[in-house]
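A.B. asks: Starting off with a structure, shown below.
The values are calculated or read from the model by the stated rules, or taken from the named source; none is laboratory data. Treat the numbers as computed from the prediction; the structure is a model and nothing was measured. Reconstructed Cβ throughout: ideal geometry from the backbone, glycine too, with neighbour counts over all protein chains shown. Ligands, DNA and RNA are stripped out before the accessible areas are found, and what is left, the full protein with its side chains, is counted by its heavy atoms. Shrake-Rupley method; radii C 1.70, N 1.55, O 1.52, S 1.80 Å.
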Amino acid sequence: MSEIKYTFTVDGEVWTKPQLERLEYERNLHMLHQLRRHGVEIKEDGKTLSDDEIDYLTLEKAWEVSIETRLQYKGEKIIELYKDAFKLSDAMWKKLSFSQEKPMRVSHCNMSVTGRSLQEFMGVMKAMQEDDRVGLAAHPEHFICHVSFDDGELLGIEPFGMYGTPTLVKVEVVDISALGAQIQGDKDPSFPMAMAGKAFLADGVTAVNSPYHQFKPTADGFQAKTAVYWPEHTPDEIVHGHSLHLAMEFFRGVELTGK
């Protein structure tokens, strides 16, 4: 098995593995405290942890406890737990009023990987959608939400940009031709593969964002340009924060290809 090497560039700045792992650690601790505030019992090896004891978890243990805790709360269970938090995030996105016909802000993360093929990486991306544990291991603030809603489409829950409270969204997978002119103008013809979508609140009407990720294989690995498009007045904290979210998620995806 070849050694994995990679570079993650977030809004033009390179982020290293130790930096991303430290950010993952801090977000895992944040999530455990947040879940505890929502009434969830946080346990390590069967022992219930206080807030102070959560802060004594090591990086490895924080990942373990975070994943095991989030596995217990998914679907309708997590929706009920965060119903008041969704009121705050829903109100924010309705006020920001996303439209691809208006100017948009963009979160950017570019990645270059050697030692793993694009096919192997895409296999992990698929596993994130099908295996709850893999999906939760991809980012500390991912929730599993395999529930039907109206037309049976899959819902997702996460705090965009690591900001505020989680948002409950319905994501439609679409072709780039279904997106606006600004996003289509960012298409790089040297990247033959792409993933695109439209995210809406659970009402199915209020648009939140549009992800557009481009990929190309290389002789010894692959490259990717990942992006998420936001309303023009989205706070800087969300825009830059979600660039880091993308870096963390795709970094962990690359790491999981070696497992």
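A.B. asks: Among P192, P235, P217, whose mean-square fluctuation peaks in a Gaussian network model of the chain (Cα, cutoff 10 Å)?
C.D. replies: Residue with maximal mean-square fluctuation among P192, P235, P217: P192.
A.B. asks: By the scheme Lys and Arg +1, Asp and Glu -1, what is the net charge of all other residues having a beta-carbon under 13 Å from that of C109?
C.D. replies: Values: positive: K225, R252; negative: D11, E13, E249.
Net charge in that neighbourhood comes out at -1.
A.B. asks: Per-residue accessible area for H233 at 1.4 Å probe radius, Å² rounded to 10?
C.D. replies: Result for H233: roughly 130 Å² accessible.
A.B. asks: For F143, which sequence-distant residues (separation of 5 or more, or a different chain) have an amide H within less than 5 Å of its own amide H, given hydrogens modelled in the peptide plane?
C.D. replies: I157
A.B. asks: How much accessible surface does W15 have with a 1.4 Å probe, in Å² rounded to 10?
C.D. replies: Number for this one is 50 Å².
A.B. asks: Whole angstrom only: what separates the Cα centroid of region 178-225 from the Cα centroid of region 44-73?
C.D. replies: Rounded to whole Å, the Cα centres lie 35 Å apart.
A.B. asks: Given only helices, namely DSSP H runs of n ≥ 4 each adding -39500 (n - 2.57), what is the per-residue ellipticity at 222 nm of the chain, to the nearest 500 deg cm²/dmol?
C.D. replies: So the calculated ellipticity at 222 nm is -12000 deg cm²/dmol.
A.B. asks: Taking the square root of 5 times each eigenvalue of the Cα gyration tensor, what semi-axes in Å does the equivalent ellipsoid of region 156-214 have, largest first? All intermediate terms of the calculation are to be shown ahead of the outcome.
C.D. replies: Values: eigenvalues 112, 33, 18 Å².
Values for region 156-214, descending: 24, 13, 9 Å.
A.B. asks: Counting only protein heavy atoms and using a 1.4 Å probe, what share of the accessible area of region 178-237 belongs to carbon plus sulfur, as a whole percent?
C.D. replies: 55 percent
A.B. asks: Which value results for Rg/Rh of region 1-158 when Rg is the Cα radius of gyration and Rh the Kirkwood radius based on the inverse mean 1/r?
C.D. replies: On the way: Rg = 18.0 Å, Rh = 18.1 Å.
Result for region 1-158 is an Rg/Rh of 0.99.
A.B. asks: Round to the nearest 10 and report in Å² the accessible area of R22, as given by a 1.4 Å probe over the protein chains' heavy atoms.
C.D. replies: Roughly 130 Å² of R22 is accessible to a 1.4 Å probe.
A.B. asks: Over region 21-84, what percent of the accessible surface lies on carbon and sulfur atoms, probe 1.4 Å?
C.D. replies: On region 21-84, the fraction of accessible area on carbon and sulfur atoms equals 47 percent.
A.B. asks: Another question, then. What fraction, in whole percent, of alpha-carbon pairs in region 1-87 exceed 22 Å separation?
C.D. replies: Numbers: 1550 of 3741 pairs.
Result: 41 percent of Cα pairs exceed 22 Å.
A.B. asks: Give me the three principal axis extents of region 110-229 from the C-alpha atoms, as integers in angstrom, largest value leading.
C.D. replies: The principal-axis extents, from largest down, are 44, 36, 28 Å.
A.B. asks: Report ³J(HN,Hα) in whole Hz for each residue of region 207-215, in order, from the Karplus equation J = 6.51 cos²θ - 1.76 cosθ + 1.60 where θ = phi - 60°; Gly and Pro get x.
C.D. replies: For region 207-215, the Karplus-derived couplings read 6, 10, 6, 9, x, 8, 10, 10, 9 Hz, x marking Gly and Pro.
A.B. asks: Determine which lysines satisfy two conditions relative to K94: a Cα distance under 18 Å, and not lying fewer than 8 residues away in the same chain.
C.D. replies: K83, K102, K170, K198
A.B. asks: Please turn the phi angles of region 180-191 into ³J(HN,Hα) values with the Karplus equation 6.51 cos²θ - 1.76 cosθ + 1.60 (θ = phi - 60°), one per residue in order, whole Hz, x for glycine and proline.
C.D. replies: x, 4, 4, 5, 4, x, 8, 5, 9, x, 7, 9
A.B. asks: Provide the per residue accessible area, probe 1.4 Å, for the chain, rounded to a whole number of square angstrom.
C.D. replies: 48 Å²
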